[in-house]
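The values are calculated or read from the model by the stated rules, or taken from the named source; none is laboratory data. Quick caveat, the model's predicted, so the values are computed rather than measured. Cβ placement follows ideal geometry from the backbone for every residue including glycine, while neighbour counts extend to all protein chains displayed.
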Amino acid sequence: MLGNFNGRYSNNIPNLDLILKSYNGETYISDRVGRDSITLKRPYVSICLACQPYVFDSMINNTAFRGSGLIARLIYCFPKSNIGQRKYDTQPMPKNVVENYQHLIYKLLHKKFTYHDENEIYLHFEGKAFREFVVYYNNFIEKNLLTEMAFCRDWGGKYHGLILRICGIIHCIKCELDDKNPAEINVNLVYCIVEN
């Protein structure tokens, strides 16, 4: 997929416009000779890559990905290896956990695909949560752009937005579990902000 966006089928000319605009739902228009124009009003995409370290290295070192801001739009996770501590006879996931998770996912997807209102839904912060986030941004994120995040300043510049997105997702899931409308309840960001 990344190879396609990087120009595999377009003479090695990267075409990242759609994936970049799908980050925050900007209108995407594709005009090509000999084809009808394609317009997507609010494209959104979710990407999850579970890959070997060499794939990550090639992404980070890709000039088009880095220069366009694609790398800055992704969240990275490098879990600690369990090699040397794994057990062969692990217990299966409890049945109720599997069923509850499946029920939640189906419920969320049903709501997503049956929502046809053209208006976007806006989430709002609790006052205290907003103040906490401002303090966190001013005292941690912005200062670390020159130190700990200096080698990835493009990613660090979008870090606060990534935090807000994750908090919004958690908020919507919690509201769905409680059968509440996420737009009618203010988002509490405090539980999402964790240094380290």
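The set of residues in segment 77-123 that are more than 24 Å from V187 (Cβ to Cβ) and among the β-branched types (V, I, T) comprises I83, T90, V97, V98.
Would you tally the residues in segment 29-48 being assigned to a loop (DSSP other than H, G, I, E, B) and touching a residue at least 12 places away in the same chain (Cβ under 8 Å)? Let's see the steps before the verdict.
Step one: of segment 29-48, the residues assigned to a loop (DSSP other than H, G, I, E, B) are 31-37, 41-48.
Checking the rest, the ones that are also touching a residue at least 12 places away in the same chain (Cβ under 8 Å) come to 41-45, 47.
Count: 6.
When the residues of segment 93-116 are filtered to those that are assigned to a loop (DSSP other than H, G, I, E, B) and closer than 16 Å to Y44 by Cα, the one that is modelled with the highest pLDDT is Y115.
With respect to the conditions (1) touching a helix residue (DSSP H, G or I) at 6+ places or on another chain (Cβ under 9 Å); (2) in the same structural domain as K180 (by TED's automatic domain parsing), N62 lacks only one, and its number is (2). Does any residue of segment 6-27 turn out to be over 28 Å from I169 (Cα atoms), assigned to a loop (DSSP other than H, G, I, E, B), polar (S, T, N, Q) and touching a strand residue (DSSP E or B) at 6+ places or on another chain (Cβ under 7 Å)? Looking for residues that are over 28 Å from I169 (Cα atoms), assigned to a loop (DSSP other than H, G, I, E, B), polar (S, T, N, Q) and touching a strand residue (DSSP E or B) at 6+ places or on another chain (Cβ under 7 Å), one finds none in segment 6-27, hence no.
The criterion of being assigned to a helix (DSSP H, G or I) and not hydroxyl-bearing (S, T, Y) does not hold for D89.
Taking each residue of segment 153-171 that is closer than 11 Å to I141 by Cβ and looking for partners that are of a type in the set (S, T, N, Q) and part of a helix (DSSP H, G or I) with beta-carbon atoms closer than 7 Å, six or more apart or interchain, yields G156/N144. Whenever a residue of segment 95-118 is surrounded by fewer than 10 Cβ atoms within 10 Å (Cβ to Cβ), it has no partner that is assigned to a helix (DSSP H, G or I) and modelled with pLDDT of 85 or more lying with C-beta atoms less than 9 angstrom away and at least six residues away or across chains.
The residue that is surrounded by the fewest Cβ atoms within 10 Å (Cβ to Cβ), among those in segment 152-180 that are over 25 Å from G69 (Cβ atoms) and of a type in the set (D, E, K, R), is D179. Taking each residue of segment 1-28 that is more than 16 Å from R66 (Cβ to Cβ) and looking for partners that are basic (K, R) with beta-carbon atoms closer than 6 Å, six or more apart or interchain, yields G25/R42; T27/K41; Y28/K21.
In segment 118-139 there is at least one residue matching the filter, namely being touching a His at 6+ places or on another chain (Cβ under 6 Å) and assigned to a helix (DSSP H, G or I).
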